[in-house]
Amino acid sequence: MHILTAIPNCYFRNLEHPAVPPREEFQMGNRFGVSGVEQFSWKDLLDSFSCTECGRCQDLCPAHNTGKSLNPRRVVHDVKVNLLEKGGKPLIGPKGEGTSSEESLWDCTTCGACLSVCPVLIEHLPKIVKMRRHLVQEKARFPEELLNLFENMEQRSNPWGIAPSERGKWTSVLGERSFKPGETEYLFFVGCAGSFDSRAKQTTLALATTLDRAGISWGILGKDEICCGDSVRRLGNEFVFDKMARDNVAMFRERGVKKIVTACPHCFSTLKNDYRQYGVELEVVHHSELIAQLVGDGKLKAPKKAGQGKVLFHDSCYLGRHNDTYAAPRAVIEAATGASPGDFERNRENGFCCGAGGGRMWMEEQTGARINHERVKEALKQQPDTICVSCPYCMTMLEDGLKDQGAEKVRVRDIAEVMAEALNDR
């Protein structure tokens, strides 16, 4: 069958962004998510017939590689089996032919490895997110630890439930930095981790001082900033994401925001790709791209080289595979240290996830090996002094993994921290 369907499946591929799930309309009488095979789109069903069963997706899947129940090939295969049986069995239920288990759906980190490697352009992620939406919005069945996350997002618009007034406190050493409509060039969308997480705030300060050094006009929303909604969308809580996206889009329009810079690839990808579904076109750049551009333009020149020892660079899934940005962070590290960073054995398009994407940042791994342990073990084989990252989630996962492996002597640094050190600002 796949011989007949693979070519048209490639032709009808998603030209926007295959990892971005479709919007839902919240009206009385609508059903949310997918609980039966008949609720999938025609493209989802064509995908299932086009699968060649080659296994490339499962070979790269971090969940499958660490002994968890998720197998992206099986998810697509089960859709086909269920369809051929005319939906005669539950799509989500006890593991079996034609049925995906709930456990396997929650294992996904939405890293995009399955999408990038599929030879016939099958879109695995939207199917998993659609089934998560059914479990969350219609059945209220989800891992227990997500209850606090969902409540905190609804009530205080951040994962920790910290008061919004705390968002801008990190600027106390810099002075007033509010975004001024018509005057400020870049909105620095700090994000929840960059605002509240003590380790990520160091990256935030490093980026702020670097932008100042380059003479860039930037400002923040402070207590008015709310989460971009990345985690709740990937976890299937589309209703909460929809409200956050609408509120953010309204705020951006009201304040005349045209350009956004952020140090979080999850904020970057969501604002750049998902928010297009809400009719807003923004120039969104990741801090690696902006810093690399400033270096290339001669606006940033490191007076000294930051001594980081042997450096490895870990590719963020949401910056790399989801947005095809690989060169910029490496260029920043080279400009700051005077040498190109080393790569993990699995890197760039074949990089291995840290384990925090898809909302997994807020969940425990109950089965198999920990994904961050697998990634850290891979790094330690090369005996690095420093692991450079470009994402606050990767920072947390790799630092925790190094501690668990008794390798605290290996430093984890964001590229902005490395550049700030070379500029003598920290």
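The values are calculated or read from the model by the stated rules, or taken from the named source; none is laboratory data. Given the structure is predicted, the values throughout are model-derived calculations rather than measurements. Backbone-built Cβ (ideal geometry, glycine too); neighbour counts: all protein chains shown.
Every residue, every condition in (1) assigned to a helix (DSSP H, G or I); (2) farther than 29 Å from LEU146 by Cα; (3) in contact with a His (Cβ under 8 Å, 6 or more places away or on another chain), yes or no:
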site	(1), (2), (3)
ALA200	yes, no, no
ALA208	yes, yes, no
LYS223	yes, no, no
CYS227	no, no, no
ARG233	yes, no, no
GLY236	no, no, yes
> Of everything in segment 76-107 that's over 19 Å from ARG56 (Cα atoms) and acidic (Asp, Glu), which residue is surrounded by the most Cβ atoms within 10 Å (Cβ to Cβ)?
Replying inline: GLU102
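Matching residues to (1) within 30 Å of HIS373 (Cα to Cα); (2) within 26 Å of the chain's Cα centre (by Cα); (3) of a type in the set (A, V, I, L, M); (4) in a loop (DSSP other than H, G, I, E, B):
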{"position": "PRO8", "(1), (2), (3), (4)": "no, no, no, no"}
{"position": "ASN14", "(1), (2), (3), (4)": "no, yes, no, yes"}
{"position": "ALA19", "(1), (2), (3), (4)": "yes, yes, yes, yes"}
{"position": "PHE26", "(1), (2), (3), (4)": "no, yes, no, yes"}
{"position": "PHE32", "(1), (2), (3), (4)": "no, yes, no, yes"}
{"position": "THR52", "(1), (2), (3), (4)": "no, no, no, yes"}
{"position": "PRO94", "(1), (2), (3), (4)": "yes, no, no, yes"}
> Does PRO119 satisfy the criteria of being part of a loop (DSSP other than H, G, I, E, B), of a type outside the set (S, T, N, Q) and at pLDDT 95 or above?
Replying inline: yes
> Checking GLY359 against (1) in contact with a Ser or Thr (Cβ under 8 Å, 6 or more places away or on another chain); (2) free of Cβ contacts under 8 Å to residues at least 40 places away in the same chain, which test does it fail?
Replying inline: (2)
> What number of residues in segment 386-412 are touching a residue at least 60 places away in the same chain (Cβ under 8 Å), buried (at least 21 other Cβ atoms within 10 Å of the Cβ) and not hydroxyl-bearing (Ser, Thr, Tyr)?
Replying inline: 8
>> I'd like to verify a number: residues in segment 140-156 that are touching a residue at least 60 places away in the same chain (Cβ under 8 Å), in a loop (DSSP other than H, G, I, E, B) and surrounded by fewer than 21 Cβ atoms within 10 Å (Cβ to Cβ), how many?
In response: 2
> Given the structure, is GLY161 surrounded by 15 or more Cβ atoms within 10 Å (Cβ to Cβ) and closer than 14 Å to CYS264 by Cβ?
Replying inline: no
>> So, in segment 327-346, how many residues would count as being surrounded by 18 or more Cβ atoms within 10 Å (Cβ to Cβ) and out of contact with any Pro (no Cβ under 8 Å at 6 or more places or on another chain)?
In response: 10
> Restricting the search to segment 157-178, which residues are touching an Asp or Glu at 6+ places or on another chain (Cβ under 9 Å), farther than 20 Å from TYR393 by Cβ and in a loop (DSSP other than H, G, I, E, B)?
Replying inline: GLY168, LEU174
> Do we find a residue being among the polar types (S, T, N, Q) and without any contact (Cβ under 8 Å) to a residue 24 or more places away in the chain anywhere in segment 177-199?
Replying inline: yes
>> Given the options SER116, SER172, name the one that is surrounded by 12 or more Cβ atoms within 10 Å (Cβ to Cβ) and among the polar types (S, T, N, Q).
In response: SER116
> Here are some residues: GLY88, GLY67. Which one is modelled with pLDDT of 95 or more and part of a loop (DSSP other than H, G, I, E, B)?
Replying inline: GLY67
> What single numbered condition from (1) closer than 28 Å to VAL240 by Cα; (2) in a loop (DSSP other than H, G, I, E, B) fails to hold for VAL79?
Replying inline: (2)
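Take the conditions out of contact with any strand residue (DSSP E or B) (no Cβ under 6 Å at 6 or more places or on another chain) and not aromatic (Phe, Trp, Tyr) and apply them to GLY29. Does it pass?
Numbers: out of contact with any strand residue (DSSP E or B) (no Cβ under 6 Å at 6 or more places or on another chain): yes; not aromatic (Phe, Trp, Tyr): yes.
Judged against the criteria, GLY29 is a match.
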> Since ALA369 meets every condition but one in (1) assigned to a loop (DSSP other than H, G, I, E, B); (2) of a type in the set (A, V, I, L, M, F, W, C); (3) buried (at least 16 other Cβ atoms within 10 Å of the Cβ), which condition does it not meet?
Replying inline: (3)
>> Residues to consider are ARG246, ARG234, ARG253, ARG276; find the one that is basic (Lys, Arg), in contact with a Cys (Cβ under 9 Å, 6 or more places away or on another chain) and in contact (Cβ under 8 Å) with a residue 24 or more places away in the chain.
In response: ARG234
>> Please determine whether any residue of segment 183-190 is surrounded by 24 or more Cβ atoms within 10 Å (Cβ to Cβ), of a type in the set (Phe, Trp, Tyr) and under 30 Å from PRO18 (Cα atoms).
In response: yes
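Is it the case that some residue within segment 86-109 is hydrophobic (A, V, I, L, M, F, W, C) and over 20 Å from LEU135 (Cα atoms)?
no
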> Here is a list of conditions, (1) surrounded by fewer than 20 Cβ atoms within 10 Å (Cβ to Cβ); (2) in contact (Cβ under 8 Å) with a residue 60 or more places away in the chain, and THR210 meets all of them except one; can you say which number that is?
Replying inline: (1)
> Within segment 317-348, which residues are out of contact with any strand residue (DSSP E or B) (no Cβ under 7 Å at 6 or more places or on another chain), assigned to a loop (DSSP other than H, G, I, E, B) and either polar (S, T, N, Q) or touching a residue at least 60 places away in the same chain (Cβ under 8 Å) (or both)?
Replying inline: CYS317, TYR318, ARG321, HIS322, ASN323, SER340, ASN347
